[in-house]
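> My structure is below; once you've seen it, I'll send some questions.
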Amino acid sequence: MRLLLVEDEKRLADVVAGGLSRAGFTVDEIATAADADAALSTTQYDALVLDLGLPDGDGMSVLRDLRRAGNMTPVLILTARDGLEDRVEGLNAGADDYLLKPFAMPELVARLKALLRRPSGVLGVQLDVGNIRFDTISREVDIAASPVSLTGRELSLLEHLMRRAGRVVAKDVLEERIYGFGEEVASNSLEVMVHRLRKKLDDCEATAHVHTVRGVGYLLKEQPA
Ligand code: CA
């Protein structure tokens with residue numbers, strides 16, 4: 001697995017690169033947005049770890065350019081603890097996950113492994129999170145092998161949360177996926193729908209729950225027994 005690490009703080013970059021190497025990854029270390037663009041245009045990476053504050057520009061623009069070019073390499077962004085807007089913007093720009101600085105190496109390794117394991121958008125015909133099973137072809141959901149009745153939009157919401165299980169999905173992203181273009185969406189309608197879905201899952205004793213990450217979005221997470 002080959003990773004691109006874009007981080008301009010030399011000491012942090014060295015520590016992170018060392019930790020990732022020990023975890024079995026091959027790491028290319030880069031310190032500027034320009035070098036990141038160059039590396040990404042010539043090399044196919046399995047994942048990208050991206051600092052947002054770079055000396056010659058914003059990591060966010062690296063991410064946007066990458067997605068605009070149709071490159072779906074998983075991206076984990078590194079953000080400052082108070083950077084709530086950065087996190088939301090990053091998720092909206094196509095980041096797959098984020099980690100707050102300072103972070104522990106095992107956490108970064110675990111998040112990267114989760115990103116590398118995930119099925120891409122076109123795969124994963126059957127999704128499993130805890131005892132919830134979603135057949136994306138028949139659009140049927142079972143919890144502990146019993147069928148559950150969900151509306152079309154609830155299915156769409158659950159599918160997106162299951163595809164990104166364990167990670168936060170931004171509200172804007174969910175709204176964009178669930179509602180059609182130009183459709184009038186009341187400001188609280190997503191919240192209402194999440195509330196209904198959460199209740200249905202809980203009523204069926206699902207072992208995964210929908211969590212609210214205030215100001216950012218939602219995540220579906222399996223509950224340890
Ligand atoms: Ca920086």
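> Round to the nearest 10 and give me the degree value, 0 to 90, for the angle of helix 10-22's Cα axis relative to the longest principal axis of the chain.
60
> Kindly work out what percent of the DSSP beta bridges joining two residues of the chain are antiparallel, to the nearest 5.
The antiparallel fraction comes to roughly 55 percent.
> For D14 and E191, what does the FRET efficiency come to when R0 = 35 Å and r is the distance between their Cβ atoms, rounded to the nearest 0.05?
FRET efficiency, D14 to E191: 0.20.
> Over its Cα atoms, what ratio of radius of gyration to 2.2 N^0.38 Å does the chain give?
Dividing the Cα radius of gyration by 2.2 N^0.38 Å gives 1.07.
> For segment 200-208, in order, what is each residue's ³J(HN,Hα) by Karplus, 6.51 cos²θ - 1.76 cosθ + 1.60 with θ = phi - 60°, in whole Hz (x at glycine and Pro)?
These are the phi-based 3J(HN,Hα) values: 4, 5, 5, 4, 8, 6, 5, 8, 10 Hz.
> Still on this structure, please answer the following. How much mean residue ellipticity at 222 nm does the chain get from its helices, if each DSSP H run of length 4 or more adds -39500 (n - 2.57) and you divide by all residues, to the nearest 500 deg cm²/dmol?
Rounded to the nearest 500, the figure is -12000 deg cm²/dmol.
> Let me ask something else about it. Once label points are set 7 Å from the Cα along Cα→Cβ at both D56 and E176, what is their separation, rounded to one decimal in nm?
2.8
> For every other residue with a beta carbon closer than 11 angstrom to the beta carbon of L174, add +1 if it is Lys or Arg and -1 if Asp or Glu, then tell me the sum. Walk me through the numbers on the way to the answer.
Values: positive: R153, R164, K171, R177; negative: E159, D172, E175, E176, E191.
Cβ neighbours under 11 Å give a net charge of -1.
> A follow-up question, please. Between the helical axis of 33-42 and the dominant principal axis of the chain, each derived from Cα atoms, what acute angle in degrees is found, rounded to the nearest 10?
Between helix and principal axis, roughly 70 degrees.
> Could you check the spin-label model distance between S138 and L116? Points 7 Å from the Cα along Cα→Cβ, value in nm.
The modelled label-to-label distance comes out at 3.5 nm.
> How much length is gained on full extension from F103 to D46, taking 0.36 nm per residue of separation minus their Cα-Cα distance?
This chain segment gains 18.4 nm when fully extended.
> Could you work out the Rg to Rh ratio of segment 2-116, with Rh taken as the Kirkwood radius (inverse of the mean 1/r over all Cα pairs)?
Across segment 2-116, the Cα-based Rg/Rh ratio is 0.91.
Just so you know, all these numbers are worked out from the coordinates, no wet-lab data involved. Just so it is clear, the model here is predicted, and its values are computed rather than measured. Every residue, glycine as well, gets a Cβ built from its backbone with ideal geometry; the counts of neighbours run over all protein chains shown.
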